[in-house]
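Enquirer: Sharing a structure with you now.
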Amino acid sequence: MLRKIAKWTGIVLGSILLLALVGYFLISRNISQRIEKTYTFADESLNAPNDSNAIRRGQHLVVIKGCTDCHGNNLSGKIMMDDASLGRLSAANLTKGKGGLPADYSTTDWVRALRHGVDRVGHPLLFMPSHETTLLSQQDMAAIIAYCQQIPPVDHELPAEKIGPIVNVMTYLDKMPLFSVEKIDHDRPMVAKADSTEGIALGKYLAVSCSGCHRPDFKGGDPVAPGFPPVPNLTSTGNVGKWTQEQFMATLRTGKTPSGHQINNENMPWKMTAQYEQKELASLYQYFRSLH
Ligand code: HEC
Ligand code: HEC
């Protein structure tokens, strides 16, 4: 009897292990197929003006949209993660130095990356938030491109990327935004110009940069990845509903909330929000307060 139980336990455990292995094999094959997929989009260009106003605006946008957080202060690229379970992913060197963008990387290539989430041959850009940059106005996208096209070249070669098991499984379960190309409405026309006066419309436009963590309805939720804190609700039903505009702005400029809690920049990029203009923070506050 005991032997029979042991035998059946062995068979059951063995089958579970086998199923897990087959499952993981299928998941990692699914992810590699999605990585290797080639997309084609009609070429599109933008008139990237390179006057000093556009370049100054581009420089501000590169900071407040978090490009420098991932691509580094001089945009020469950065390793974002490198460990056995997550794998290795790096944000590209966006300069024309060694290891950077090719010398003939054109405005059309820039638009393809920011609007559609693919590189110049049509392969998905991994972990690049193009589902957010696709919502930029033409004017802002052009300013970003104009700024990036004139930054000094920096030699910085980044190691090849490798997808680890956790990223494979989380991407498969749609818990990690590895493939922004799959989330974009590629036929959506771009708006020419965003509303630039202080108010709810400007706040809504800017809040796209917060939606990846605070969720599209800004009600927050579970941590974005293991080891991070839960993400708070930013609407009028959360803390922001109790804060004055001054308290909200002070929180985003110093990382310190009205109750005295110091936010870690690794969890919530307050060093990025600290660079927003007065008008931009006020608009975000007004927009979040309008949500219930
Ligand atoms: C969350 C981190 C993150 C942010 C924020 C981010 N990027 Fe990226 N970006 C990446 C990663 C990672 C890659 C590399 C993707 C790959 O190689 O598959 C990338 C690739 C790119 C490329 C593609 C280069 C090529 O090979 O064709 C461009 C262009 C780019 N980013 C521009 C920007 C700009 C401009 C911004 C700000 C508006 C920005 N990125 C914000 C992570 C980020
Ligand atoms: C990378 C993910 C991430 C992004 C992007 C992000 N946040 Fe956060 N945010 C968090 C997390 C996590 C916390 C909680 C931090 C803590 O508890 O220490 C937080 C906290 C906050 C708080 C404090 C809320 C409270 O109730 O204490 C405010 C306000 C806030 N974020 C606003 C913003 C705004 C505005 C943006 C966009 C411009 C933004 N966040 C972008 C992750 C993010």
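Laboratory data are not the source of any read-out in this text; all were calculated from the coordinates shown. What you are looking at is a predicted structure, and each value in this text was computed from that prediction instead of being measured. Cβ sites come from the backbone with ideal geometry, for glycine too, and all protein chains shown count toward neighbours.
Enquirer: Treating the stretch 52-182 as a set of equal point scatterers at the Cα positions, no solvent, please give the Debye-formula log₁₀ I(q)/I(0) at q = 0.18 Å⁻¹.
Expert: -1.02
Enquirer: Moving on to the next point. Cut-off under 18 Å on the C-alpha distance; same-chain residues fewer than 8 positions from LYS183 excluded. Which aspartates and glutamates are left, in chain and number order?
Expert: GLU36, ASP119, GLU132, ASP174, ASP217
Enquirer: Got a sec? How would MET81, MET249 order by Cβ neighbour count within 10 Å, fewest to most?
Expert: MET81, MET249
Enquirer: If amide H atoms are built 1.01 Å from N in the plane of the peptide, which residues on other chains or at least 5 residues away come under 5 Å of the amide H of GLY87?
Expert: Under 5 Å from the amide H of GLY87 lie the amide H atoms of GLY164, each far enough along the sequence or on another chain.
Enquirer: Something else now. Per DSSP H run of n ≥ 4, the term is -39500 (n - 2.57); total these for the chain, divide by its residue number, and report the mean residue ellipticity at 222 nm rounded to 500 deg cm²/dmol.
Expert: -12500 deg cm²/dmol
Enquirer: Would you mind working out the magnitude of the charge dipole of the chain relative to its Cα centre, with +1 at each Lys and Arg C-beta and -1 at each Asp and Glu C-beta, to the nearest 20 Debye?
Expert: It works out to roughly 960 debye.
Enquirer: Which one of TRP243, VAL231, LEU202 is farthest out on the positive end of the charge dipole of the stretch 200-289, using unit charges on Cβ (Lys, Arg +1; Asp, Glu -1) and the Cα centre as origin?
Expert: Selected residue: TRP243.
Enquirer: OK, next. Would you please put 215-228, 134-147 in order of how densely packed they are, using the mean number of other Cβ atoms within 10 angstrom per residue and starting with the highest?
Expert: Final packing ranking: 134-147, 215-228.
Enquirer: I would also like to ask the following. Which lysines have a Cα less than 19 Å from the Cα of LYS279, not counting those fewer than 8 places away in the same chain?
Expert: Cross-link targets: LYS65, LYS193, LYS204, LYS271.
Enquirer: So, one more: Just to check I understand the Karplus step: with θ = phi - 60° and J = 6.51 cos²θ - 1.76 cosθ + 1.60, what whole-Hz values come out for the stretch 109-117, glycine and proline as x?
Expert: Each residue's phi maps through the Karplus curve to give 5, 4, 5, 4, 5, 7, 9, 10, x Hz.
Enquirer: When a footprinting reagent is the concern and you count Cβ atoms within 10 Å, what order do TYR24, TYR287 take, fewest first?
Expert: The order, fewest Cβ neighbours first, is TYR24, TYR287.
Enquirer: Could you compute the FRET efficiency for THR197 and ALA20, with r as their C-beta to C-beta distance and R0 at 51 Å, rounded to 0.05?
Expert: Working from the Cβ atoms, E equals 0.35.
Enquirer: Could you tell me the calculated FRET efficiency between SER45 and LEU13, based on Cβ-Cβ distance and R0 = 41 angstrom, to the nearest 0.05?
Expert: It comes to 0.10.
Enquirer: Order these by the 10 Å Cβ neighbour count, fewest first: VAL181, VAL12.
Expert: VAL12, VAL181
Enquirer: Under 1.5 on a/c is rounded, so check that first for the chain, then, if it is not, pick prolate when a/b is larger than b/c and oblate when it is not; a ≥ b ≥ c are the square roots of the alpha carbon gyration tensor eigenvalues.
Expert: oblate
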